[in-house]
Amino acid sequence: MGRTKALIEIDGTAMAARVAGALRRAGCAPVIAYGGDPDELAPLGLAVTPDRYPGTGPLGGVLGLLEMLAIDHDDAVAFAVACDLPSLSGDTLVPMVETIRRSPDLDVVVAHTSQIEPACAVWRVASHARLRALFDSGERALHLAIGALASASVDVDPSAVRNINTPEELGRYP
C-alpha cells in the first residue's frame with residue numbers, strides 16, 4: 001500500500017480504529033495494537049505492543065500475543081484480528097466469543113465465509129503452548145496451525161471480513 005495500513009482512513013477513521021471499535025462493541029477489553037511502531041501508531045489511541053517475533057508472519061504475531069497475555073491471563077480468550085478489516089462489526093464477533101466460551105476444549109474459533117478467515121479469530125490464551133510447538137516445528141502458515149489445533153468456525157458475512165491489501169481494493173471500498 002506504500003504506507004502504514006493501520007492508519008489508512010475509511011470514511012474519516014483509521015482502519016485499525018474501526019477494528020478496535022468493533023472489538024470494543026463485542027465486549028473486548030483491553031484492545032491493543034500488537035506489532036508496529038508505537039510512535040507511528042500513537043494517533044490510534046491504543047496501547048501498542050511490539051511484535052515478539054518480527055518477520056514470522058501472522059502465526060508469529062498470534063503466538064507472541066498469546067504468550068504475552070498468558071503471563072497474567074492464561075484462562076482468558078483473546079481476539080487476534082487484522083487491522084485491515086474495516087467492515088468488521090461487534091455483531092460479527094459476538095457469536096465467535098459465545099462459541100469458544102461454550103466449548104472449553106477449543107483452542108480457537110475462526111470466522112468462516114467460503115473458507116476460514118484466519119485473520120479474524122478468537123483464541124484461548126492457554127493454547128499458546130500448543131501453538132508454540134507448531135511454531136517451533138517450523139510451521140508458519142496460520143491457517144495450517146488452526147487446522148492442527150482444536151478449532152471451530154463460525155459463519156460470517158463475507159463483507160464483514162473483506163480485507164484491504166491494495167490501493168485498488170481501497171478504491172472499491174465498500
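The values are calculated or read from the model by the stated rules, or taken from the named source; none is laboratory data. Just so it is clear, the model here is predicted, and its values are computed rather than measured. Glycine gets a Cβ as well: all are built from the backbone with ideal geometry, and neighbour counts include every protein chain shown.
A few notes on this one:
- If you filter the stretch 120-174 down to residues that are closer than 20 Å to Arg18 by Cβ and in contact with a strand residue (DSSP E or B) (Cβ under 7 Å, 6 or more places away or on another chain), you find that the one that is modelled with the lowest pLDDT is Tyr173.
- Strands (runs of 3 or more DSSP E) within the stretch 36-139 that include 1 or more residues exposed (fewer than 13 other Cβ atoms within 10 Å of the Cβ) and over 11 Å from the mean Cα position of the chain (by Cα): 47-49
- Among the residues of the stretch 140-174, those identified as crowded, with 16+ Cβ neighbours inside 10 Å, touching a residue at least 60 places away in the same chain (Cβ under 8 Å) and of a type outside the set (A, V, I, L, M, F, W, C) are Arg162, Asn163.
- Given (1) at pLDDT 95 or above; (2) over 14 Å from the mean Cα position of the chain (by Cα), index of the condition Leu23 fails: (2)
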